[in-house]
Structures are given as structure tokens and as C-alpha cells.
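Nothing in this text is a laboratory measurement; each read-out follows from the coordinates by a stated rule. A quick note: this is a predicted structure, and the numbers were derived from the prediction, not measured. Cβ atoms come from the backbone with ideal geometry, glycine included; neighbour counts cover every protein chain shown.
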Amino acid sequence: MTVWADVVGQEAPTAPLREAVADPSAMTHAWLITGPPGSGRSHAARAFAAALQCEQGGCGTCHACATVLAGTHADVTLVATEKVTISIDEVRDLVSLAQRSPSQGRWRVIVVEDADRMTERTSNLLLKSIEEPPPRTVWLLCAPSAEDVAITIRSRSRVLHLGMPSPQVVADLLIERDGVDPDVAFESASAAQSHIGIARRLARDPAARARRDQVLALATEIRGVGDAVLAAADLAAVAEEDAKAATEERDVEERNALLRTLGAGDGGRLPPALRSQVKQLEDDQKRRATRHKRDVLDRAIVDLMSLYRDVAVIQVGASVALVNASHADHIRGIAGRTTLADTMRCLDALSTARDRLAGNVQPLLAVEALAVALRPRT
């Protein structure tokens with residue numbers, strides 16, 4: 001099994017990466033790998049990094065491949081921020097690292113999985129390193145689209161775009177790798193719109209499927225402004241609970257590990273000079289929780305958009321598969337009592353809500369405005 005095994009359904013888009021591994025003349029110093037969330041951008045970048053370090057071009061079994069894929073290779077740096085933005089200090093450290101020759105491997109590879117989270121100032125700092133790279137350093141930047149990265153960065157990078165694999169391809173992966181029941185695998189892959197990570201979570205976690213059903217129910221529960229405010233509060237509470245569940249245990253482990261490193265056992269007292277390090281960790285954890293909450297709300301909006309997309313499919317009589325086939329009766333009910341214009345209005349409101357969440361709008365306010373916009377206009 002090669003390093004490309006997890007990059008499912010992307011044989012054609014990743015062909016230039018494989019070519020660069022086999023033919024040094026096809027290699028370049030900076031790559032920008034784009035594609036929708038769940039398309040496998042980070043998997044493709046990691047596979048390429050492993051193939052570059054492997055003497056056999058990505059066998060998947062040697063020490064170089066194993067350490068790169070595990071994130072422990074000395075010459076492969078993986079950056080995947082859990083904050084809203086990548087800080088300028090983080091990029092400054094990466095630029096300094098890029099100037100060093102590889103210590104063990106064939107290349108020094110720097111993978112930035114969230115290149116779209118760099119501010120303009122941060123991108124400008126990175127630009128010089130990309131313009132004048134050392135001979136054995138390669139940058140692998142990942143983003144949803146080329147337009148999400150500063151034009152100066154993308155103009156100096158080779159851009160590859162990944163599409164979404166089909167639901168059946170994702171379902172086959174869940175069946176083969178996770179032993180998921182075929183029906184659950186396909187339903188989860190369809191509901192996740194081929195996002196492999198989300199499909200795996202839905203397939204393996206009944207509670208996640210229940211939370212998604214709760215989100216889809218919003219489409220019929222809102223009757224007026226009062227219902228909208230309550231629905232928004234419920235959705236925000238679900239996001240808060242999800243964020244807490246996803247980060248709480250990890251936060252405790254990180255804090256205990258830091259305390260042990262600083263020489264203070266659990267419950268031990270720290271001298272004032274060391275308290276700032278604990279405070280820095282707590283601040284980072286808060287930023288991570290904030291991003292996770294926004295991501296949960298954004299995913300809920302995407303799920304609602306898939307529902308209204310299915311409603312539009314019924315209303316126009318299109319012969320395409322429903323994303324939410326298990327909710328077909330619910331979808332037909334909405335389609336029967338609303339018009340296509342109503343559905344388009346709701347889709348516009350959902351799109352606006354995503355834009356607001358991506359900005360600096362307080363999540364609860366964005367969700368409340370959305371819920372009010374989704375109420376019937378009769």
C-alpha cells in the first residue's frame with residue numbers, strides 16, 4: 001500500500017505530484033493544493049511529503065514514509081492551526097526553518113494546512129522565503145481555493161485543485177478501513193457530501209448523526225420570530241457542547257503535561273515567573289475552542305444548505321440523488337408547502353450567515369439573524 005492510499009478519488013489531480021517525485025525536472029519549490037473541505041488537501045500534501053523523502057517514491061512501508069505520515073519526520077514540518085488565524089510569529093519561525101538544509105531526509109518540507117488563515121501581513125512575511133527558496137526546501141500550502149491565498153503567494157506557487165470524491169468512493173473507504181455497515185457508510189458519505197472526516201464521524205458516532213438530525217429539524221420548527229430566537233439558542237448550545245466535548249479532555253491533558261514539564265505536579269503551585277506559560281496555554285485553548293465552535297456552526301449551516309438543496313431538487317423535478325435521502329419524507333413535505341422562490345431565499349440567508357461567521361460577527365447574533373430569515377413568509 002503506497003502513501004497515496006488515503007488520497008481517494010484524486011488520481012488525476014494529484015498526477016503532477018507523482019510526476020514531480022519521479023522526475024526532478026518537474027519539481028518546483030512551492031505548491032498550492034486547493035479543494036473544498038474534505039477533498040483530501042492535507043492527505044495529498046502529507047503523501048507528497050512522504051514520497052519526496054522515500055527512496056522508492058512513496059512505498060508506504062519504509063521508515064521515511066512511516067515517520068512523515070505519523071508527523072515525526074525531522075525534516076517535515078506540519079502546521080495545522082487550531083486558532084482563527086496563523087500568527088506572524090509562527091510564520092516567522094517557519095521562514096527561519098526553511099533556510100536550513102535537511103538533516104536526515106532528501107528535502108526539507110513545510111506543510112501549511114491552513115494557508116487561507118494567514119493575514120496579509122503574515123503572507124508578506126512568507127513571500128520572501130517562497131521567492132528565494134533554498135535548493136532543497138519545498139513549501140506545500142493548502143487552502144479551499146487559490147483566491148483564499150494572497151495573490152503574491154499563489155502567483156509564485158504551482159496550483160493543484162482537488163475535487164470531491166463521489167459518495168460511493170467515500171463509502172467504500174469507510175467499509176474497507178473502518179468496517180462500517182454498507183448502508184450506514186453510504187448514508188454518512190452522502191450526508192457529509194463526501195467529506196471523508198465528517199463521513200467517518202457520522203458513520204462511527206450515533207450521537208453525531210442525532211445532532212445532525214436536530215439541525216435539519218430547524219427547517220420545519222421555526223414559525224415566527226420567537227421560535228427563531230429559541231432555535232438559534234439551541235443551535236448555539238449544541239455548538240458549545242460539541243466544542244466542549246471535543247476540547248475539554250485534551251485541554252486537561254495539555255495543562256497537566258505542561259505542569260509536569262515545569263516541575264509542578266497536579267495541583268502544585270507555580271512560581272510567578274512560570275505562571276505566564278500556563279496563561280499562554282489557557283489563551284491558546286480558548287482560541288481553539290472558539291474556532292471549533294465556529295466550525296461546528298458553519299457545518300450546521302452547510303447541512304441546512306444541503307437540505308434546502310434537496311427541497312429545490314424536488315421542486316424543479318430534477319432527476320438527481322438527494323443528499324439527505326433518509327429525510328426524503330421531510331424534504332417532500334417542505335417542498336409541497338413552499339415555493340422555489342422560498343427555497344432560494346433560504347439558501348441566500350444560509351450563505352449570508354456563513355459569510356458573517358467567517359467574519360468577526362458574534363456567532364449567536366449570526367445564527368439568530370439566520371433563524372429569523374428562515375421563518376415562513378406567510
- Lysine pairs, Cα distance under 12 Å, 8 or more residues apart or cross-chain: how many in the chain? 4
- Task: Could you run the Debye sum over the Cα atoms of segment 3-161, one equal point scatterer each and no solvent, and tell me log10 of I(q)/I(0) at q = 0.10, 0.11 Å⁻¹, two decimals?
- Result: -0.31, -0.38
- Message: Quick check: convex hull of the Cα atoms in the chain, volume per residue, rounded to a whole Å³?
- Response: 170 Å³
- Message: Going by amide H atoms built from the backbone, whose H comes under 5 Å of the H on R108, apart from near neighbours?
- Response: T137, V138
- About its Cα centre, what dipole magnitude does segment 52-113 give when the only charges are +1 on Lys and Arg Cβ and -1 on Asp and Glu Cβ, stated in debye to the nearest 20? 160 debye
- Note on the structure: Whole-Hz Karplus couplings 3J(HN,Hα) for segment 66-75, θ = phi - 60° and coefficients 6.51, -1.76, 1.60, Gly and Pro as x, run 4, 6, 5, 5, 7, x, 10, 5, 5, 9
- Arrange the peptides 166-173, 135-142, 181-188 so that the one whose residues have, on average, the most other Cβ atoms within 10 Å appears first. 135-142, 166-173, 181-188
- Task: Give the relative contact order (percent, whole number) for the chain; include only Cα pairs under 8 Å separated by 6+ residues.
- Result: 16 percent
- Message: For the chain, what does the helix formula give at 222 nm: sum of -39500 (n - 2.57) over DSSP H segments with n ≥ 4, over the residue count, nearest 500 deg cm²/dmol?
- Response: -19000 deg cm²/dmol
- Message: Using the Cα centre of the chain as the reference point, and only Cβ charges (+1 on K/R, -1 on D/E), how large is the resulting charge dipole? Debye, rounded to the nearest 20.
- Response: 740 debye
- Nonlocal amide H pairs with H161, under 5 Å, H built at 1.01 Å: T34
- Over segment 221-374 - Rg/Rh using Cα atoms and the Kirkwood inverse-distance radius: 1.17
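Mind putting a number on the dipole of segment 286-378 about its Cα centre? Charges go on the C-beta only, +1 for Lys and Arg and -1 for Asp and Glu, and I need it in Debye to the nearest 20.
Working: 15 positive and 9 negative charges, 97 e Å.
The dipole magnitude comes to about 460 debye.
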- The relative contact order of segment 53-154, taking Cα pairs under 8 Å that sit 6 or more residues apart, comes to a percentage of 27 percent
- Query: segment 293-307 to segment 50-86: how many Å between their Cα centroids?
  - Reply: 31 Å
